[in-house]
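The values are calculated or read from the model by the stated rules, or taken from the named source; none is laboratory data. Predicted, not measured: the structure shown is a model, and the values here were computed from it. Counting neighbours? That spans all protein chains shown, and the Cβs are built from the backbone with ideal geometry, glycine included.
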Number of protein chains: 2
Amino acid sequence: MGNEARLQDILTQLDGGLDAALDRLCDFLRIPSISTDPAHAGDVRRAAEWLRDELTGLGFDAQVHDTPGHPMVTARSPKGDARPLLFYGHYDVQPVDPLELWDRPPFAPAIEDGPKGRVIRARGASDDKGQLMTFVEAFRAWKAVHGSLPTDLILLFEGEEESGSPSLRPFLRDHAEDLRASLAVICDTGLYADGRPAITTQLRGLVGQEVVIHAADRDLHSGSFGGLAANPIMILAQALAALKDGTGRVTLPGFYDGVADLPEALARDWQALDFDAGGFLSRVGLSQPIGEAGRTPLEMVWNQPTAEINGIAGGYAGDGFKTVLPAMARAKVSFRLTGTQDPQAIRAAFQDHVRRFLPADCRVEFHDHGASPASVMDITDPAFDQARTALSEEWGRDAAFIGAGGSIPIAGDFKQILGMDSLLIGFASDDDRIHSPNEKYDVEAFAKGARSWARILTALRS
Amino acid sequence: MGNEARLQDILTQLDGGLDAALDRLCDFLRIPSISTDPAHAGDVRRAAEWLRDELTGLGFDAQVHDTPGHPMVTARSPKGDARPLLFYGHYDVQPVDPLELWDRPPFAPAIEDGPKGRVIRARGASDDKGQLMTFVEAFRAWKAVHGSLPTDLILLFEGEEESGSPSLRPFLRDHAEDLRASLAVICDTGLYADGRPAITTQLRGLVGQEVVIHAADRDLHSGSFGGLAANPIMILAQALAALKDGTGRVTLPGFYDGVADLPEALARDWQALDFDAGGFLSRVGLSQPIGEAGRTPLEMVWNQPTAEINGIAGGYAGDGFKTVLPAMARAKVSFRLTGTQDPQAIRAAFQDHVRRFLPADCRVEFHDHGASPASVMDITDPAFDQARTALSEEWGRDAAFIGAGGSIPIAGDFKQILGMDSLLIGFASDDDRIHSPNEKYDVEAFAKGARSWARILTALRS
């Protein structure tokens, strides 16, 4: 009997086991695995061990690996001749402050009736324990129906995602041989607006750069020196202002090397999303897209690179007025990257740009804050269309290929260290209140999430 | 016997009375008339009364006037048919913190031997009690020789100069009839570099303006919104950068209306000063004049207007990095004015300029911080050349007509409220440590200062 023939049995199995699956999730949610708080280090380890035991019980070869920080959990299903897939999630959670804003204790999960249906209420319900368990429940149901786990699965569950993943890259490098698959599957994203299932196929990269302009060796009186001595705020303002031309394009030489127009198929997909830029902006008090002329708003945030000033400081900006010519001025600048833009080349072009504005008697200091290229998945990999079809069937509406304006560092890490693209699928909703009090996950997202993975696994294993 | 014939007697009188004059100055310096410290309000009044008594003893009609703040001291000499002159100085002093950096108690004055000669060491020795007493000692010696005071003098001594002169303008308005003369004489300036006597004949004005750009109604994530939503720091940077063109000229329409090239005679005078711009800048770690091409460095700071950014703040500028698109950004900008530039017109032109950079969904907020025009004295008034000749004779070297890059508000107030130009002459040195611990005044400056006023009075009364 082929895998597809058994899919219906797996879905039935999942539906019948939903209450038991929710009980297991609640057990998992009771462990306060807050990774940023050293007082909870033991709880983080307990969550890792809970997962290991759960996976071992399903027939995985599961292990807890010590790191300089919190443990990594890995698990492997039996080897076969299928396409190896790496599933990634994280079992640590955000802190719960301010505790008084929670309607119930954050680590005493409960199923509640909400206006849109039942929800699982607890810290980590959505981010990421609930999502992670959609994997596990799909594997469990598969095994119940097939009698064995899908072969050639590698699982990697991290305990430091909410504290910056300091151990992740070294761990990927040290265990590259064991972890390398042909595709990663990441369950840390959400549904698109109004509940449409989505696969994030491209994420912008990021270069962060601090620039400090030094002029005189002390603050000067602007009466005595104004018009004669260099003003570092003016130098900085001129360098930053010249980063963009009148049409919104970034002016750095070579900046657009590697930036590609959106493939026609994706352009059609994005068009079909009917993104309401006006509504999106009006929720934050704005109304006008400011990106490059001729681009759609979704292109501006998902497929176009940009230069942004994230912070600036210099001289006296407090109450009242000081007629000072300051000794220095600083700014934090970031570039969101798309396509194959080279972060290091862009950093260098920015530094050259600033130096062109620098008088000979001033100096500039640069501090680097991260550099990661964009993640653009190869959507000609049939897995993407197979997963899209599976999602569309499960949710009863067309799944979308979408982009993301921010980065999900793990996708870049998998690409750079393990050479894999990522299939980014998740079932979180905008109203899940992740990182906030009263976090929840929709029971429907949990149930249909597990069913979605059963469908996707079946499609990828056909 | 004419006044000029008696000048030598006055100078001899001053030389013979120097020790007694120093004793009187030390009495005055013992009164801790710190105007910013309410605990010293009684001392400030005591200093006012000390002055009144001193002036009454010389035959002036002297009064202490209450104000909402510290008192004003006025005094008048008998009326005659001479040109009325208003002498201005201030009897309050700066605070003394940090006290532990003083080599002796700040209000226990002493005559000390210094590397360049004797000095009077105390708070206020130079700023401005010592300078003020050069007036008084000149009047005293005049009376001793002539038998009566010079006629048609009005004296105005303020007790709030070190705390922003809040009562001064209302006092000038309320007593305009009594205080109006044909020329003010102000003793709160210094010798030019290396001790050359100088008359400050022009001071730049000042317009202070704060600008706040508001974009979204909250800080945004630059991943989700970058390239789509307005960035107030970029708007601000572009507006500020465009204030100057590539040659250093301010671009505001009409900005240079009223700015005049330096009259040829002054240009020659300034040239003769051999201003060492390189040395001036190198003392603060710089080397390159940045003003408008084709201007000398002294023109840049004394005769050219300028636009300066005195402070800027927006977004996150602390340690590390935040990928934030801030809701707002602010800057403090000032314009130094020359000639007859109109402060209000320039404020309006700047606001219009900023608004041109403002997207329709952002808004701007302006806060005004003072507006005063430049003070440019009419040096065809013969008093200026008479005073210059008198100074040159006393100091044995050519006195200079100089400018000042900053403003001395009292000169503007006299012009605007009383319609008088000011003869700004003082004998302070750069190394007097005014406002700092161990303030001093050179005994030579005190002695030659009083002699200078005797010569100037004689010249103006001839």
Point to revise | Subset of the stretch A:215-247 [touching a residue at least 40 places away in the same chain (Cβ under 8 Å) and either more than 29 Å from B:Ile402 (Cα to Cα) or of a type in the set (Val, Ile, Thr) (or both)] | key: A:Ile233, A:Ile235, A:Leu236, A:Gln238, A:Ala239, A:Leu240, A:Ala242, A:Leu243, A:Lys244, A:Thr247
Check your understanding: Looking at the stretch A:344-389, which of its residues are among the acidic types (Asp, Glu) and either over 30 Å from A:Glu264 (Cβ atoms) or in contact (Cβ under 8 Å) with a residue 40 or more places away in the chain (or both)?
Key -> A:Asp352, A:Asp361, A:Glu365, A:Asp368, A:Asp378, A:Asp381
Review point. For A:Thr247, are the conditions met, namely being hydroxyl-bearing (Ser, Thr, Tyr) and within 28 Å of B:Ile235 (Cα to Cα)?
Key: yes
**Study point:** Matching residues in the stretch B:424-462 - criterion: being assigned to a loop (DSSP other than H, G, I, E, B) and touching a helix residue (DSSP H, G or I) at 6+ places or on another chain (Cβ under 9 Å)
**Key:** B:Ile425, B:Gly426, B:Phe427, B:Ser429, B:His435, B:Ser436, B:Pro437, B:Asn438, B:Glu439, B:Arg461, B:Ser462
Check your understanding: Among the candidates A:Phe401, A:Phe384, which residue alone is aromatic (Phe, Trp, Tyr), within 27 Å of A:Gly291 (Cβ to Cβ), in the same structural domain as A:Gly190 (by TED's automatic domain parsing) and crowded, with 19+ Cβ neighbours inside 10 Å?
Key -> A:Phe401
Review point. Of everything in the stretch B:199-223 that's within 30 Å of B:Gly449 (Cβ to Cβ) and not in a loop (DSSP other than H, G, I, E, B), which residue is farthest from the other protein chains (Cβ to nearest Cβ)?
Key: B:Ile199
Review point. Do we find that B:Gly403 is under 20 Å from B:Trp302 (Cβ atoms), assigned to a strand (DSSP E or B) and at pLDDT 95 or above in this structure?
Key: yes
Study note, to complete from the structure: Considering the stretch B:307-325, residues that are over 30 Å from B:Gly246 (Cβ atoms), of a type outside the set (Ser, Thr, Tyr) and without any contact (Cβ under 8 Å) to a residue 12 or more places away in the chain, and then whichever is nearest to the other protein chains (Cβ to nearest Cβ), we arrive at B:Phe321
Check your understanding: If you go through the stretch B:378-400 one residue at a time, do you hit one that is part of a strand (DSSP E or B), within 30 Å of B:Arg461 (Cα to Cα), of a type in the set (A, V, I, L, M, F, W, C) and touching a Lys or Arg at 6+ places or on another chain (Cβ under 7 Å)?
Key -> yes
Exercise for review: Would you check which residues across the stretch B:287-317 are small (Gly, Ala, Ser) and modelled with pLDDT under 90 and list them?
Suggested key: B:Gly291, B:Ala293, B:Gly294
Point to revise | Criterion violated by A:Ser375 - all others in (1) within 14 Å of chain B (Cβ to nearest Cβ); (2) among the polar types (S, T, N, Q); (3) surrounded by fewer than 20 Cβ atoms within 10 Å (Cβ to Cβ) satisfied | key: (3)
**Study point:** Some residue of the stretch A:333-347 being facing chain B (nearest Cβ under 7 Å), more than 26 Å from the chain's Cα centre (by Cα) and either of a type outside the set (S, T, N, Q) or part of a loop (DSSP other than H, G, I, E, B) (or both)
**Key:** no
Study note, to complete from the structure: Within the stretch B:94-149, residues being touching a residue at least 12 places away in the same chain (Cβ under 8 Å), closer than 18 Å to B:Ala447 by Cα and not hydrophobic (A, V, I, L, M, F, W, C) number 18
Check your understanding: Of all the residues that make up the stretch A:24-64, how many are touching a residue at least 12 places away in the same chain (Cβ under 8 Å), farther than 13 Å from A:Tyr91 by Cβ and small (Gly, Ala, Ser)?
Key -> 2
Exercise for review: Hey, can you tell me all the residues within the stretch B:225-268 that are within 14 Å of chain A (Cβ to nearest Cβ) and part of a helix (DSSP H, G or I)?
Suggested key: B:Phe225, B:Pro232, B:Ile233, B:Met234, B:Ile235, B:Leu236, B:Ala237, B:Gln238, B:Ala239, B:Leu240, B:Ala241
Review point. Quick check: anything in the stretch A:326-342 touching a Lys or Arg at 6+ places or on another chain (Cβ under 6 Å), surrounded by fewer than 23 Cβ atoms within 10 Å (Cβ to Cβ) and more than 23 Å from B:Leu286 (Cβ to Cβ)?
Key: no
Practice item. Any chance you could count how many residues in the stretch B:296-331 are assigned to a loop (DSSP other than H, G, I, E, B) and over 29 Å from B:Pro373 (Cβ atoms)? Key: 10
Point to revise | In the stretch A:180-219, the residues that are out of contact with any Phe, Trp or Tyr (no Cβ under 9 Å at 6 or more places or on another chain) and crowded, with 24+ Cβ neighbours inside 10 Å | key: A:Ala215
Exercise for review: Kindly check whether there is at least one residue in the stretch A:410-418 that is within 14 Å of chain B (Cβ to nearest Cβ) and of a type in the set (Asp, Glu).
Suggested key: no
Exercise for review: Could you please find all residues in the stretch A:269-317 being in the same structural domain as A:Pro343 (by TED's automatic domain parsing), more than 25 Å from A:Val376 (Cβ to Cβ) and out of contact with any Pro (no Cβ under 7 Å at 6 or more places or on another chain)?
Suggested key: A:Ile309, A:Gly311, A:Ile312, A:Ala313, A:Tyr316, A:Ala317
Check your understanding: Take the residues of the stretch A:270-295 that are more than 10 Å from chain B (Cβ to nearest Cβ) and part of a loop (DSSP other than H, G, I, E, B): which is nearest to B:Gly227 (Cα to Cα)?
Key -> A:Ala293
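Could you tell me how many of the residues in the stretch B:433-462 are among the charged types (D, E, K, R) and over 22 Å from the mean Cα position of the chain (by Cα)?
4
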